Every structure is written in structure tokens, then in C-alpha cells.
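Engineer: What follows is a single structure, and I will ask about it in a moment.
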Amino acid sequence: MTVLPCSPHSAELLALAAGLPRVPRRDLHGFFDAAHTAAAALPELMGTALDAFNADGNQAGYLLLRGLPVEDDDVLPTTPDRTPAPVDRPLLHLEAMLAIVGRRLGLHTGYRELRSASVYHDVYPSPGAHYLSSETSETLLEFHTEMAYHVRQPNYVMLACSRADHERKAITLVGSIRRALPLVPDDIRTHLFGRPIPCRVDVAFRGGAEDPGAIADVKPLYGDPRDPFLGYDRELLAPRDHADVEALAVLSKALDEVREPVRLVPGDVLIVDNFRTTHARTPFTPRWDGKDRWLHRVYIRTDRNGQLSGGERAGDVVDFVPRH
Ligand SMILES: [Fe+2]
């Protein structure tokens with residue numbers, strides 16, 4: 001299952017959201033504690049689907065919750081044009097959904113160097129955005145596993161859509177390793193499995209340097225050889241030897257062949273399994289009229305793959321540690 005229709009549960013979900021603190025950023029830890037309680041009371045169908053996805057993932061590498069509560073467009077604030085959100089911004093329905101659903105899965109995590117260490121990221125188009133940034137609009141944001149170069153790489157990237165782009169052109173593409181692996185010949189799998197490839201990092205993690213180069217190493221395939229995890233970033237991986245370049249090209253092509261399009265509409269929450277996929281976003285045209293595309297993004301860590309070392313809370317902010 002990849003799409004879970006949630007509109008039948010609207011009333012229950014709004015009731016759960018109403019039980020959360022109204023101004024989440026004043027005390028995020030307390031807010032996520034309240035969301036944890038609400039997560040245990042999710043409608044059973046939703047809870048069961050989330051628990052199954054969290055335990056075993058799925059073939060597509062994502063779960064799309066559709067028809068969640070969202071404000072009417074004329075009630076929603078204008079799409080932000082700066083970051084981070086003001087501390088006193090009242091809770092939006094989809095921020096509540098990200099809190100509750102996210103707490104069913106794991107721990108919301110902020111990244112010190114990213115977006116002023118905020119835990120909730122508003123994702124909106126910005127004029128003159130760096131080409132690797134989620135603030136791009138009119139260019140393709142290429143395939144990337146989110147923070148594949150970071151020791152505390154999140155297990156899930158959650159994207160909630162309060163506003164789609166005007167023309168509803170923007171598509172999130174998800175490339176799943178479970179779908180792509182059968183298209184990758186055995187010798188290429190063996191070559192890439194557990195092989196550290198030099199990797200650059202996103203602008204936020206460059207410490208102010210123009211481009212420090214490949215300061216991390218990422219294994220494109222690792223874990224269980226029969227059902228491996230994926231670390232794939234089309235822009236940042238910087239293979240030096242010819243065999244690595246060729247092998248990555250084969251993997252890249254396989255991921256392109258199996259990629260699935262998700263067109264986010266208001267009321268959607270997309271949960272991307274960030275250990276088994278890479279994702280991208282196609283171009284769209286902003287109008288800069290206060291009604292441009294507006295997503296809310298959070299990162300969730302779980303107790304898999306060394307993401308946690310014990311004692312963490314939802315709402316914590318972590319420092320950058322490059323993978324090697
Ligand atoms: Fe992303």
C-alpha cells in the first residue's frame with residue numbers, strides 16, 4: 001500500500017489536533033510529548049498502517065497519507081518568504097498531523113546547521129535559491145537521499161502540503177532501491193555494496209567555506225545484501241575512480257527507471273523512507289503572490305542504523321557528524 005485515504009478520519013484527527021498546545025514553537029519538547037500521547041490514539045486503520053510501514057517499509061519506499069485536515073486556502077496565512085517561522089506562529093492543521101504521525105514513527109529532529117536549527121521547516125520557493133536547495137522552483141531538484149552524508153541521517157523525511165503550486169506541476173519523484181535492485185546486475189551490486197564513495201555536503205554543512213569538497217563518504221548500498229539500504233545523491237556523490245563512476249551510472253539509471261511520481265496536494269503528508277530511497281522534485285513556476293507552493297518538512301529519527309544513542313527526545317537538535 002502506498003496511498004492511505006484519511007478523510008474518513010477527519011473528525012477524530014481534528015479532535016486529536018485540538019488537544020495539542022496552540023503555539024508549538026514556545027516549547028517544542030512539551031509539544032511533541034503531547035503529540036506522542038495523541039499518536040497512541042490515532043484511528044486504528046492509520047495506526048496499523050504506520051506501524052507496518054515503520055517495521056518493514058514497502059516496495060515503493062513511501063507512504064502517502066491523503067485527505068488530512070488542512071485549512072481552507074483563504075484562511076491559511078500567506079506562504080512564508082523567510083525562515084525560521086516566528087516563535088509565536090499558531091499551530092497549523094498539517095503541523096499537528098506531522099507531529100502526531102511523526103511521533104508514531106520516531107523522534108522529530110532538528111539539524112544545527114540547517115534552517116537556523118529549526119525542527120519544522122517551511123518549504124517555499126525563493127528567488128535566487130542555490131541549485132541544491134529545497135527553495136528552488138524553476139529547476140529540477142535532482143535525486144538525493146536526504147543527508148546521506150550525515151551520521152544522524154533521518155530515517156524519514158515527512159512532507160506536508162498546505163498549498164500546491166498554482167499549476168499543480170511540481171512532482172516529487174521517489175526512487176526505491178527495492179524496486180531498482182532487480183535492474184542492477186550482480187557485479188555492480190557487489191561493487192557498490194559497502195563501498196565508501198567520496199561525497200560533498202549541502203551548503204548548510206560546509207561551515208561557510210565556498211566548497212570544501214568531498215568531506216564525507218557514503219556507501220551507495222549497505223546493510224543486508226539481499227535487501228540493502230540506499231545512499232544516493234546525484235549532485236553530491238563524487239566518485240574518483242572509473243569503476244565507481246560506471247557502477248553509479250548503472251544504479252542511477254535503474255533508479256530513474258523505477259521512480260514513482262507523487263503530486264502533492266493540500267491535505268497530503270508524504271512519508272519518505274530515507275534509508276531505502278532517493279527523491280527529487282520537478283520544476284514549477286512561482287507567482288510570488290503569497291499563494292505559492294508551501295510544504296512543511298520534518299525529519300524523523302528511529303532507533304535503526306545508529307541514528308540514536310539513547311536518551312534523545314523529539315525536538316532535539318543534533319550537530320553535524322560526517323559519515324566515513
Ligand atoms: Fe529532499
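None of the figures in this text is laboratory data; all of them are computed from the coordinates on show. Here the structure is a predicted model, which means the values were calculated and not measured. Backbone-built Cβ (ideal geometry, glycine too); neighbour counts: all protein chains shown.
Engineer: What stretch of the chain, leaving out the sites themselves, is the longest with no GluC sites (Glu not before Pro) in a DSSP loop having at most 11 other Cβ atoms within 10 Å? Don't jump to the answer; show the numbers that get you there.
Structural biologist: On the way: sites that count: Glu138, Glu167, Glu210.
Segment 1-137 is the longest.
Engineer: Which of these, Pro24, Pro43, Pro127, has the largest mean-square fluctuation under a Gaussian network model of the chain (Cα springs below 10 Å)?
Structural biologist: Greatest mean-square fluctuation among the candidates belongs to Pro127.
Engineer: Another one. On a 0 to 90 degree scale, rounded to 10, what angle separates helix 44-56 from the longest Cα axis of the chain?
Structural biologist: For 44-56 against the chain, the angle is about 20 degrees.
Engineer: Using Cα atoms only, what is the angle between the long axis of helix 93-105 and the major principal axis of the chain, expressed in degrees (0 to 90) to the nearest 10?
Structural biologist: Computed tilt is about 50 degrees.
Engineer: Please list, or write none, the lysines whose alpha carbon is within less than 29 Å of the alpha carbon of Lys169, excluding same-chain residues fewer than 8 places away.
Structural biologist: Lys253, Lys291
Engineer: If you don't mind, another one. What shape does the chain take by its C-alpha gyration tensor, where a ≥ b ≥ c are the square roots of the eigenvalues and a/c under 1.5 counts as rounded, a/b above b/c as prolate, and the rest as oblate? Don't skip to the answer; put the middle values down first.
Structural biologist: On the way: a/c = 1.56, a/b = 1.42, b/c = 1.10.
It comes out prolate by the Cα gyration axes.
Engineer: Over the alpha-carbon set of segment 231-324, divide Rg by the Kirkwood Rh and report the Rg/Rh ratio to two decimals.
Structural biologist: Numbers: Rg = 17.5 Å, Rh = 17.3 Å.
Rounded to two decimals, Rg/Rh equals 1.01.
Engineer: Please work out, to two decimal places, the log10 of the ratio I(q)/I(0) at q = 0.14, 0.18, 0.20 Å⁻¹ from a Debye calculation in which every Cα of segment 1-129 carries one identical scatterer.
Structural biologist: -0.69, -1.12, -1.31
Engineer: Please list, by residue number, everything in segment 113-156 whose backbone N is under 20 Å from a paramagnetic label point 7 Å out along Cα→Cβ of Lys253.
Structural biologist: Within reach of a label on Lys253: 143-144.
Engineer: Below 13 angstrom from the Cβ of Asn305, what's the summed charge of the other residues (Lys, Arg +1; Asp, Glu -1)? Present the calculation step by step, with values, prior to reporting the outcome.
Structural biologist: Values: positive: Arg152, Lys219, Arg276, Arg301, Arg304, Arg323; negative: Asp224, Asp273, Asp303.
So the surrounding residues net to +3.
Engineer: Going by the alpha-carbon gyration tensor, a ≥ b ≥ c the square roots of its eigenvalues, is segment 64-104 rounded (a/c under 1.5) or, if a/c is not under 1.5, prolate (a/b greater than b/c) versus oblate? Please list the in-between numbers first.
Structural biologist: Working: a/c = 2.17, a/b = 1.33, b/c = 1.63.
Oblate is the answer for segment 64-104, as a/c is 1.5 or above yet b/c matches or exceeds a/b.
Engineer: May I pose another question? Using a 10 angstrom cutoff on alpha carbons, build the Gaussian network for the chain and name the most mobile of His242, His296, His121.
Structural biologist: Among His242, His296, His121, the largest mean-square fluctuation in the Gaussian network model of the chain belongs to His242.
Engineer: Once the piece of chain linking Leu183 and Ala55 is laid out straight, how much longer is it, given 0.36 nm per residue of separation minus the C-alpha distance between them? Numbers along the way, then the final one.
Structural biologist: Numbers: separation 128, 0.36 × 128 = 46.08 nm, distance 2.51 nm.
Between Leu183 and Ala55, full extension yields 43.6 nm more.
Engineer: Let me know the charge dipole size of segment 156-258 about its Cα centre in debye, to the nearest 20, where only the beta-carbon of Lys, Arg (+1) and Asp, Glu (-1) is charged. The partial results should precede the final answer.
Structural biologist: Details: 14 positive and 17 negative charges, 68 e Å.
The dipole magnitude comes to about 320 debye.
Engineer: Post the alpha-carbon centroid distance, segment 186-246 to segment 51-72, in whole angstrom.
Structural biologist: 27 Å
Engineer: Just the C-alpha atoms of segment 97-244: what Rg/Rh do they give, with Rh taken as the Kirkwood radius? Intermediate values should be presented prior to the final figure.
Structural biologist: Details: Rg = 16.8 Å, Rh = 17.3 Å.
Ratio of gyration radius to Kirkwood radius: 0.97.
Engineer: In degrees between 0 and 90, to the nearest 10, how far off the longest principal axis of the chain does helix 242-258 point, with axes built from Cα atoms?
Structural biologist: Compared with the principal axis, the helix lies near 40 degrees.
Engineer: Based on DSSP H runs of at least 4 residues, each adding -39500 (n - 2.57), what is the mean residue ellipticity at 222 nm of the chain after dividing by all its residues, to the nearest 500 deg cm²/dmol?
Structural biologist: On the way: 7 runs with 76 residues, N = 324.
When only DSSP H runs of four or more count, the value is -7000 deg cm²/dmol.
Engineer: Of Ser116, Ser176, Ser137, which is the most mobile in a GNM of the chain whose springs link Cα atoms less than 10 angstrom apart?
Structural biologist: Taking springs between Cα atoms under 10 Å, the residue moving most is Ser116.
Engineer: Taking a cut-off of 13 Å between Cα atoms, list the aspartates and glutamates near Lys219, but don't count ones fewer than 8 places away on the same chain.
Structural biologist: Leaving aside aspartates and glutamates fewer than 8 places away in the same chain, those within reach of Lys219 are Asp233, Asp244.
Engineer: Another question about this same structure. Over segment 76-159, what is the relative contact order in percent, taking alpha-carbon pairs closer than 8 angstrom and at least six residues apart? Mind dumping the intermediate values first?
Structural biologist: Numbers: 59 pairs, mean separation 19.0, N = 84.
It comes to 23 percent, rounded to a whole number.
Engineer: For segment 254-301, which semi-axes, largest first and in whole Å, follow from the square roots of 5 times the eigenvalues of its Cα gyration tensor?
Structural biologist: Working: eigenvalues 110, 50, 17 Å².
With the √(5λ) rule applied to segment 254-301, the semi-axes are 23, 16, 9 Å.
Engineer: Ok, one more. Count charges around Leu42 for me, please; just the other residues with Cβ under 9 Å from its Cβ, Lys/Arg as +1, Asp/Glu as -1.
Structural biologist: Numbers: positive: Arg104; negative: Glu12, Glu44.
Overall, the nearby charge balance is -1.
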